[in-house]
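K.L.:
Could you have a look at this structure, given as structure tokens, before my questions?
The values are calculated or read from the model by the stated rules, or taken from the named source; none is laboratory data. Computed from a predicted structure; not experimentally measured. Here Cβ is always computed from backbone atoms with ideal geometry, including for glycine, and neighbour counts include all displayed protein chains. Just the protein is used for accessible areas: all its heavy atoms, side chains included, with ligands, DNA and RNA removed. Shrake-Rupley method; radii C 1.70, N 1.55, O 1.52, S 1.80 Å.
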Amino acid sequence: MKEKREMTSLEEGQSQFVKNSVLYKEFLAERAEILKHKWIESEKAGKDIGFEKALLDWIVKHRSSWRERRRKEARTEKSAS
């Protein structure tokens with residue numbers, strides 16, 4: 001019984017570590033942009049285009065510029081600190 005509580009505590013600690021990681025935060029930001037793109041393109045099409053199509057379209061059309069903007073913003077924040 002005690003081992004089970006320790007595992008849960010360990011898993012919670014790992015989960016919190018992941019949620020606080022820069023990589024996870026970037027993943028969430030990118031996902032939000034893809035979902036926004038999906039909504040915009042679905043509105044234009046008059047129907048739901050689906051996540052996969054929105055993902056591929058966003059990667060081809062917007063990912064590079066979005067990442068570059070994020071890098072510039074991060075550099076600006078660091079220099080302001």
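K.L.:
Residue 71 is checked against (1) touching a helix residue (DSSP H, G or I) at 6+ places or on another chain (Cβ under 8 Å); (2) assigned to a helix (DSSP H, G or I) and fails just one. What number does that condition carry?
P.N.:
(1)
K.L.:
Going through the range 67-81 one residue at a time, which ones are open to solvent by less than 90 Å² (accessible area, probe 1.4 Å) and within 13 Å of residue 29 (Cα to Cα)?
P.N.:
Hit for the range 67-81 is 70, nothing else.
K.L.:
Have a look at 38, 44, 19 and point out the one that is over 16 Å from the mean Cα position of the chain (by Cα) and free of Cβ contacts under 8 Å to residues at least 60 places away in the same chain.
P.N.:
44
K.L.:
How many residues does the range 19-66 hold that are charged (D, E, K, R) and surrounded by 14 or more Cβ atoms within 10 Å (Cβ to Cβ)?
P.N.:
Residues meeting the conditions: 7.
K.L.:
Note down all Cβ pairs under 8 Å where the first residue falls in the range 63-81 and is at negative phi, the second is in a helix (DSSP H, G or I) and open to solvent by less than 100 Å² (accessible area, probe 1.4 Å), and they're at least six residues apart or on different chains.
P.N.:
Every condition considered, the pairs that remain are 63/30; 66/30; 66/33; 70/26; 70/29.
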